[in-house]
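Only one structure is covered here, and it is reproduced in the block below.
The values are calculated or read from the model by the stated rules, or taken from the named source; none is laboratory data. Predicted model only: the values in this text are computed from it and were never measured. Cβ atoms come from the backbone with ideal geometry, glycine included; neighbour counts cover every protein chain shown.
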Amino acid sequence: MKKTFFLLLISFTAGASGTQLPTGTVNGVQDTRHSVLALTHATVHVSPEKTLKNVTVVIEDGRIREYLENSSVPDHAVVINYRDMHIYPGFIHLDAEVGLPEPAKRPPFSWGGPETLQTTVDGAYNTNEAIKASYRAADDFNPSQKASRELREAGFTSALTHRHDGIMRGTGALVSLADEPAQLTVLAAQASQHWSFDKGASKQDYPVSLMGAVALIRQTLLDANWYTQQNQMTDLDLAALNNNTTLPHFFSVDNWQQTLLTQKISDEFGLTFVVKTAGDSYQSLNPVVNTGQTLIVPLNYPKAPEVNSILDSYHVEYSDLKKWQVAPFNTRLLAEKGVRFALVPGDNKKGLTTFLSDLRKAVTHGLSEQTALAALTTVPATILKRRDIGHLEKGARADFIAFDQPIFNDKAQLKDSWVYGERMEINPRLPLSEGNYTLTLDDTSHQISVHFNKGQLTLKPNQDTDHTFQAKMDGQLFTLIVDEQSPLMAWVADGQIKPLPTDRDWMMTFIQQSEKVTQSDSEKTVKDIPNIPNPFTAYGLANSATPDKVLFKHATVWTNEDGGVLENTDVLVVDGRIKTIAQDIADNKADLVIDAKGKYLTSGIIDEHSHIALLSVNDVAVNSSMVRMQDVVNPEDVNIYRNLAGGVTAAQLLHGSANPIGGQSALVKMRWGVSPQEMLIDGADGFIKFALGENVKRSRNQQSVRYPLTRMGVEQVYRDAFNEAQKYQTAWDDYNNLSRSKKKKTSPPRRDLAMEATAEVINQERFISCHSYVQSEISMLIHVADDFDFKVNTFTHILEGYKVADQMKAHGVGASTFADWWAYKWEVNEAIPYNAAIMDQVGLVTAINSDSAEMSRRLNQEAAKTIKYGGLTEPEAWKTVTLNPAKLLHLDDRMGSIKEGKDADLVLWSDKPLSIYAQAVKTMVDGVIYFDRDKLGALEKTIAAEKTALIKQSQASGEEKKPQADVAQPTLHCDSLITKDAILALDNGAES
């Protein structure tokens, strides 16, 4: 007997949390029945590639038992009519926090208060609070019916839940979204390991920067390896890291730059990460694709900025408009590149409620339906190594969702969510199937169709007739009136009309489903991918394509070599290098000939001290030598293009001056539109930032507890660091010199990234560029270096260098200074404008630097000031921004002058390069013209036209807009401190 009358009972009881636990105490009569459910006439999308039509789904004990055809139903099964319904595997959420307590709030960072240097967490945990690898989500998991319901309403039936707090966040649990106790909903107590670059609620100061987070991750991984070989201490977090190495590693990032960073860590330590992106991979598609990583992609669709006036249109950022336009294509672009990815809701409060419409938007923008389904089902299941979810093959968990139309139809509505064979109604189903019916009344037969419009039932005859038909539904009670006679009543159950007793003989039988307009993929209008700038900013539209062979004709060439200035000279560039310098080189030697008559060709400007193109500048550890600026290079900073417009072709990107020993420098070329790694200068020597003076001793913070607090203490920091580095090096030398048998019995020393970098300084394998002002401190560091038998490479700023130039020359250190910056704080009050010229004339290698994104655009004019203040010749002055910084950075064998065989980093000027009227006409790096003033006007017109078109498109879209943020792009300096929430200055914590 088919128990169709149980349908109503199931609707009321499904999802009720009353399941008896096998180990629990029974209070009453045990219910050991094993129900069998049969969902008839369903269309089942078993997997993204496989669909079964008009089948009966048989569910037993929470799993898919079988599929039956021809409307077959097993004996004793509870039958539910699923005619018109489309069943899909339940979605799997890979980045949830369901059932977990909310993490503690991040304490506000104050650079003006007392520092928190040590952990505040009790117990045998890691010494850095951001390392929480021993945390287990399963231990805190407590099912939340409200949160589970919200996830089910978006189509999810299971979720990987973990605590979104810390850099190493511990393990996640795979949980079912049924309204059942934790014992029944935790499917895997330790399903994953989770990481991020965000230190979360940690109260410790370090790390405060992205590069600090990378350094902490690297050090912790090294510590975890060392931990297995030592017996000195217990660290539960390091132990957990080692115990969980076989789990999938998930890494959550805030932007595409961080996505690339995860690959650097992966390559170094042999790890494989599944990266939860920010949904912005389209902004740097190829570098992200080339990582080869599996991604988790949130459906983030940035709102277009609000534009209500001409002033608004002027201030609105081009890149914000492009994000609104291009973001919906993100998943399609990744799919077309062959990237494997899973999908999750957008990172906003409405992400769940809009998820299904956001998913359809991705399909409208070209993501295939099959890929979209796989990204929510089979791909997450494969990542989690689960064979029983993500599909609906026989034996799989009966976790599925049911729609009244194909899921990607705009009007498709999620009706039911099934979790382990338990039905939870999301939206009420229509009591009757829409379509054609045969009405038999007494001895007469009528063909009629049934339709619902906003919940109202209408009947319509399918052929000409004089009869009239009216009907209404009241719950499951169906009332039919024919020809305005007495009403006929019926009970609707399981989609069938069962007449109630009456004196008339009638029956209404379903014939076929009504035809619904459903577009296939081929019929849908797929939007075209718009142009995508590279980098993702307005001037990313610049075309830097340059032939391999370029010839500059008839230029006045400032060589910076013994030949001096060459008039009417040609320079041939081949494959990124200067091939030939001569007169009358034949035009057919090149693919591009540039008439340089009346113009001046020089080597590119090199900025020895810059903070452009960085995502962060300072970290706060007294010895921050473990942090690397190469980890935070930002190739889409528009200041790169602006520097090119000022003739700058290379720079040293320095750590800030927050610490006596700062981080490792990044030497870069201004290659506009490449990846962060491609900006780095291959084969360059390693450099590191040191700092003296007010910043490092916290002069303006009376509450500081961080050592050192005096200039005397700064010296002791150096001496202690170098002494410890020598001990560290000796320990490793002793260990490496042991025989193989003794090594097996001896624990190796702990690898310490800070000590390694400090030891490199002593060994002259890494070179100091030291922030300095006051002569006493300059002398101090020289004496310290002499005591440890190494040389300081460069004193930067060095505004009192004129006082100790002879001492500096004797030590062999160079100088990189400002042309005329002084009196901006106490320790620079004795600076003079003749400083650079005096140091140069004493015989120091002297450079002029910027330490400023603005000043770096006019370093040619800064160099010219040494002529006015000190009487340097034009060639001497020009070398202060070209050859001399190249020497300081050990790059003069390939840069800094125009010489055959050197890198083709060249600038063509409209006037003498030291003139205030000179403009960079073309700027070439490695033979590629990245800035071309001759094309700039047309480029800016293109930008303006596209910006106007985007504003019109966004206004016509009718979509919700975001208010424009009246915040200028931050300019970073030595004293800038970038936290998760703000940009601070070292002196008082104010915004800079």
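Values as computed for the structure displayed
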read-out: Enumerated strands (runs of 3 or more DSSP E) restricted to the range 631-685, each holding at least 3 residues that are assigned by TED's automatic domain parsing to the domain that holds Gly713, crowded, with 23+ Cβ neighbours inside 10 Å and aliphatic (A, V, I, L, M); value: 648-653, 666-669
read-out: Residue count for the range 336-357, restricted to those that are free of Cβ contacts under 8 Å to residues at least 60 places away in the same chain and surrounded by fewer than 21 Cβ atoms within 10 Å (Cβ to Cβ); value: 11
read-out: Residue within the range 510-533 that is modelled with pLDDT of 95 or more, outside the structural domain of Trp256 (by TED's automatic domain parsing) and either buried (at least 20 other Cβ atoms within 10 Å of the Cβ) or part of a strand (DSSP E or B) (or both) present; value: yes
read-out: Of the criteria (1) part of a loop (DSSP other than H, G, I, E, B); (2) at pLDDT 95 or above, which one Asn308 fails; value: (2)
read-out: Test: residue in the range 131-146 that is in contact with a helix residue (DSSP H, G or I) (Cβ under 9 Å, 6 or more places away or on another chain) and β-branched (Val, Ile, Thr); value: yes
read-out: Which numbered condition Pro114 fails, given (1) at pLDDT 95 or above; (2) surrounded by fewer than 24 Cβ atoms within 10 Å (Cβ to Cβ); value: (1)
read-out: Filtered residues of the range 395-450 (kept if of a type in the set (Gly, Ala, Ser) and within 24 Å of Ala493 (Cβ to Cβ)); value: Ala398, Ala402, Ser417, Gly421, Ser433, Gly435, Ser445, Ser449
read-out: Test: residue in the range 597-615 that is over 25 Å from Val921 (Cα atoms) and either at pLDDT 95 or above or part of a helix (DSSP H, G or I) (or both); value: yes
read-out: Those residues of the range 842-858 which are within 19 Å of Thr794 (Cα to Cα), hydrophobic (A, V, I, L, M, F, W, C) and under 47 Å from the mean Cα position of the chain (by Cα), in sequence order; value: Leu844, Val845, Ala847, Ile848
read-out: Options Pro885, Pro913: the member that is modelled with pLDDT of 95 or more, buried (at least 24 other Cβ atoms within 10 Å of the Cβ) and over 27 Å from Asp685 (Cβ atoms); value: Pro913
read-out: Failed item, numbered, when Lys394 is tested on (1) at pLDDT 85 or above; (2) under 21 Å from Thr502 (Cα atoms); (3) surrounded by fewer than 17 Cβ atoms within 10 Å (Cβ to Cβ); value: (2)
read-out: Entirely in the range 330-424, the strands (runs of 3 or more DSSP E) that have 1 or more residues that are within 20 Å of the chain's Cα centre (by Cα) and more than 30 Å from Asp528 (Cβ to Cβ); value: none
read-out: Conditions (1) part of a strand (DSSP E or B); (2) on the phi > 0 side of the Ramachandran plot; (3) not aliphatic (A, V, I, L, M): number failed by Phe931; value: (2)
read-out: Failed item in (1) assigned to a helix (DSSP H, G or I); (2) touching a helix residue (DSSP H, G or I) at 6+ places or on another chain (Cβ under 8 Å); (3) closer than 19 Å to Ile578 by Cα, with Ala886 passing the rest; value: (2)
read-out: Members of the range 80-108 found to be touching a helix residue (DSSP H, G or I) at 6+ places or on another chain (Cβ under 7 Å), of a type in the set (A, V, I, L, M, F, W, C) and part of a loop (DSSP other than H, G, I, E, B), listed by number; value: Val98, Leu100
read-out: Residue identified as of a type in the set (D, E, K, R) and surrounded by 24 or more Cβ atoms within 10 Å (Cβ to Cβ) among Arg136, Arg169, Arg163, Arg149; value: Arg169
read-out: Some residue of the range 180-194 being over 28 Å from the mean Cα position of the chain (by Cα), surrounded by 21 or more Cβ atoms within 10 Å (Cβ to Cβ) and part of a loop (DSSP other than H, G, I, E, B); value: yes
read-out: Residue satisfying condition, being under 25 Å from the mean Cα position of the chain (by Cα) and aliphatic (A, V, I, L, M), within set Leu692, Leu644, Leu614; value: Leu614
read-out: Some residue of the range 152-159 being of a type in the set (Lys, Arg), out of contact with any Pro (no Cβ under 8 Å at 6 or more places or on another chain) and crowded, with 22+ Cβ neighbours inside 10 Å; value: yes
read-out: Test: residue in the range 594-606 that is among the β-branched types (Val, Ile, Thr) and under 23 Å from His797 (Cβ atoms); value: yes
read-out: Residue tally, condition farther than 18 Å from Tyr707 by Cα and touching a Leu at 6+ places or on another chain (Cβ under 6 Å), over the range 654-666; value: 2
read-out: Qualifying residue in the range 823-838 (condition: more than 13 Å from Leu799 (Cα to Cα) and either at pLDDT 95 or above or among the β-branched types (Val, Ile, Thr) (or both)); value: no
read-out: Number of the exception - Leu572 against (1) at pLDDT 85 or above; (2) in contact with a strand residue (DSSP E or B) (Cβ under 9 Å, 6 or more places away or on another chain); (3) within 30 Å of Lys941 (Cα to Cα); (4) among the aliphatic types (A, V, I, L, M); value: (3)
read-out: Wholly within the range 751-811, helices (runs of 4 or more DSSP H) carrying at least 3 residues that are touching a residue at least 40 places away in the same chain (Cβ under 8 Å); value: 753-762, 775-787
read-out: Within the range 850-882, tally of residues that are out of contact with any helix residue (DSSP H, G or I) (no Cβ under 7 Å at 6 or more places or on another chain) and under 27 Å from Ile612 (Cα atoms); value: 10
